[in-house]
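Following: one structure in structure tokens, then a few remarks.
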Amino acid sequence: MRAFVYNGLPSRVVFGPGAVAQLPAEVARLGAKRVLLLSTPGRAGMVAAVSKNLPIAGVFDKVVMHTPLEAANEARELATKLNADCCVTVGGGSTIGFGKVIALTSGLPVLAVPTTYSGSEMTTIWGMSENNTKKTGRDPKVLPRTVIYDPELTLDLPPAVSAASGMNAIAHCVEALYAHDGNPIISLMAEEGIRALSKALPSIIRNPKDLESRAEALYGAWLAGATISTTSVALHHKLCHVLGGLGLPHAETHAIVLPHAVRYNYDAAREAMARVERAIGAPLAFQAIYELEAKLAIPMKLSEIGMKAADLERAARIATEAPYPNPRKVEYAPVLELLRNAHEGRRPS
Ligand code: NAD
């Protein structure tokens, strides 16, 4: 076995149907008496219902995707004005992202109640966007202290959002399996995360109210978040960051690019690919992922989510100028081909 470094991250997880009922006790456990509650505008009703009996100092329900600096500053100022001593986020990666940027400058503890499969609740990664550019960083301060996973809160997550968000989580696991700084413990989590999500997502599409599959998907998302928190990401995430900068939606972009990025790296990361195949239970990791996505009825072409053919060369250039460490050398011509295949949604072969 080769030498490795493993970083365990401290977070408390409360998991299970109905677990959100423990929210007041978990807030008290953090010693918090003045909670700032965060959500998107669309989820405000549900959030009000689950946060009864909390010592709420105020509510910020204007969360939007990609944490724009202006909105982040508004939330930070509110936390200061209210003298909040804890942020409770109820929602997906976007909502957790607001809790994290408040924690980044104030050190306030974050308690996350995730309702999608982004996995952000398990990471020390924060992000903020300004002028169409997303800046990200890692800081232990932003890691939620407590995470309450309640699959009942995800029963209304639309199937298309569930599928794309779940594939985003699978992408975290895949890249952790071939990360240059990976390790056997993270690989266990990554393989199990892919297994759980690839089993749960098709069932969720067939029956979005299937509580058992919802629970399994949340468990997979937890593992996926844990995998990217301590290992580096590679070409796939680099491409998605570049495409995100062009305005493409986060989770869908990950889902579409993943089988093509896996094809790119296939021969250079055979051990990782064998684990992906074992986890999904199908041969050829890139085709296994592509076939899984075909069952989920999500967009399979970058052209379907707003990518213009004219931007492909620019994206390939940006992605190859300052590449992340990757199992296969990152070169312009094959990366452009990868993007063209993803743009047209071709079945990788
Ligand atoms: P999201 O948080 O933007 O949510 C998508 C939509 O679904 C929103 O309108 C939301 O209100 C709605 N929604 C959420 N939960 C719902 C539920 N249970 N039922 C019905 N509707 C619900 O999407 P996301 O994919 O979870 O997060 C994307 C963001 O998270 C991106 O900005 C991405 O960069 C970030 N992210 C960060 C990390 C990290 O480690 N920092 C990891 C993954 C994603």
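Every residue in region 139-150 that is without any contact (Cβ under 8 Å) to a residue 60 or more places away in the chain and open to solvent by 90 Å² or more (accessible area, probe 1.4 Å), please.
Listed by number, the list holds a single entry, K141.
Would you pick out the residues in region 8-33 that are within 22 Å of G225 (Cα to Cα), more than 16 Å from the ligand (Cβ to nearest atom) and in a helix (DSSP H, G or I)?
E26
Within region 182-215, how many residues turn out to be within 19 Å of L235 (Cα to Cα) and either outside any helix (DSSP H, G or I) or not assigned by TED's automatic domain parsing to the domain that holds I298 (or both)?
Summing the residues that are within 19 Å of L235 (Cα to Cα) and either outside any helix (DSSP H, G or I) or not assigned by TED's automatic domain parsing to the domain that holds I298 (or both) in region 182-215 gives 2.
Please enumerate the residues belonging to region 203-218 that are surrounded by 20 or more Cβ atoms within 10 Å (Cβ to Cβ) and out of contact with any Gly (no Cβ under 7 Å at 6 or more places or on another chain).
Residues satisfying the conditions are I204, S213, R214, A215, E216, L218.
For residues that are of a type outside the set (D, E) and more than 7 Å from the ligand (Cβ to nearest atom), tally how many sit in region 118-133.
7
In region 82-97, which residues are among the hydrophobic types (A, V, I, L, M, F, W, C) and away from the ligand (no atom under 16 Å from the Cβ)? Before you say what the answer is, go through the steps one by one.
Filtering region 82-97 down to residues among the hydrophobic types (A, V, I, L, M, F, W, C) leaves 82, 84, 86-88, 90, 96.
Passing the criteria: L82, A84, C86.
Looking for something farther than 27 Å from E152 by Cβ, in contact with a helix residue (DSSP H, G or I) (Cβ under 8 Å, 6 or more places away or on another chain), open to solvent by less than 10 Å² (accessible area, probe 1.4 Å) and outside the structural domain of H172 (by TED's automatic domain parsing) - is there at least one such residue anywhere in region 86-99?
Taking region 86-99 as the starting set, the residues that turn out to be farther than 27 Å from E152 by Cβ are none.
For region 86-99, residues farther than 27 Å from E152 by Cβ, in contact with a helix residue (DSSP H, G or I) (Cβ under 8 Å, 6 or more places away or on another chain), open to solvent by less than 10 Å² (accessible area, probe 1.4 Å) and outside the structural domain of H172 (by TED's automatic domain parsing): absent.
Kindly provide the set of residues from region 54-76 that are away from the ligand (no atom under 13 Å from the Cβ) and in contact (Cβ under 8 Å) with a residue 40 or more places away in the chain, ordered by number.
Passing the criteria: only L69.
Among (1) over 24 Å from the mean Cα position of the chain (by Cα); (2) open to solvent by 60 Å² or more (accessible area, probe 1.4 Å), there is one condition L336 misses while meeting the rest; what is its number?
Only one criterion is unmet by L336, namely (2).
Any chance region 323-330 includes a residue that's surrounded by fewer than 20 Cβ atoms within 10 Å (Cβ to Cβ), hydroxyl-bearing (S, T, Y), closer than 16 Å to A251 by Cα and touching a residue at least 12 places away in the same chain (Cβ under 8 Å)?
no
Do you know which of the residues in region 34-53 that are modelled with pLDDT of 95 or more and buried (at least 17 other Cβ atoms within 10 Å of the Cβ) is farthest from the ligand (Cβ to nearest atom)?
If we take residues in region 34-53 being modelled with pLDDT of 95 or more and buried (at least 17 other Cβ atoms within 10 Å of the Cβ), then V35 is farthest from the ligand (Cβ to nearest atom).
Within 22 Å of V262 (Cβ to Cβ), within 14 Å of the ligand (Cβ to nearest atom), in contact (Cβ under 8 Å) with a residue 60 or more places away in the chain and within 16 Å of the chain's Cα centre (by Cα), is that true of S232?
Judged against the criteria, S232 is a match.
Restricting to region 100-136, name every residue that is surrounded by fewer than 19 Cβ atoms within 10 Å (Cβ to Cβ), modelled with pLDDT under 95 and part of a loop (DSSP other than H, G, I, E, B).
Answer for region 100-136, where residues must be surrounded by fewer than 19 Cβ atoms within 10 Å (Cβ to Cβ), modelled with pLDDT under 95 and part of a loop (DSSP other than H, G, I, E, B): N131, N132.
Can you find, within region 151-181, the residue that is most open to solvent (accessible area, probe 1.4 Å) among those that are outside any helix (DSSP H, G or I) and near the ligand (Cβ under 10 Å from one of its atoms)? Give the steps one after another, and end with the answer.
As a first pass, look at region 151-181 and keep what is outside any helix (DSSP H, G or I): 155-158, 178-181.
So of that shortlist, the ones also near the ligand (Cβ under 10 Å from one of its atoms) come out as 155-158.
On the way: L155: 40, D156: 100, L157: 24, P158: 66 Å².
Residue satisfying both the conditions and the ranking: D156.
The conditions are (1) part of a strand (DSSP E or B); (2) more than 16 Å from the ligand (Cβ to nearest atom); (3) open to solvent by less than 10 Å² (accessible area, probe 1.4 Å), and A79 fails exactly one of them. Which is it?
With (1) part of a strand (DSSP E or B); (2) more than 16 Å from the ligand (Cβ to nearest atom); (3) open to solvent by less than 10 Å² (accessible area, probe 1.4 Å) applied to A79, the lone miss is (1).
The values are calculated or read from the model by the stated rules, or taken from the named source; none is laboratory data. What you see is a predicted model, and the numbers here were worked out from it, not measured in a lab. Note that we place each Cβ from the backbone using ideal geometry, even for glycine, and neighbour counts take in every protein chain shown. All accessible areas refer to the heavy atoms of the entire protein, side chains included, with ligands and DNA or RNA removed. Shrake-Rupley method; radii C 1.70, N 1.55, O 1.52, S 1.80 Å.
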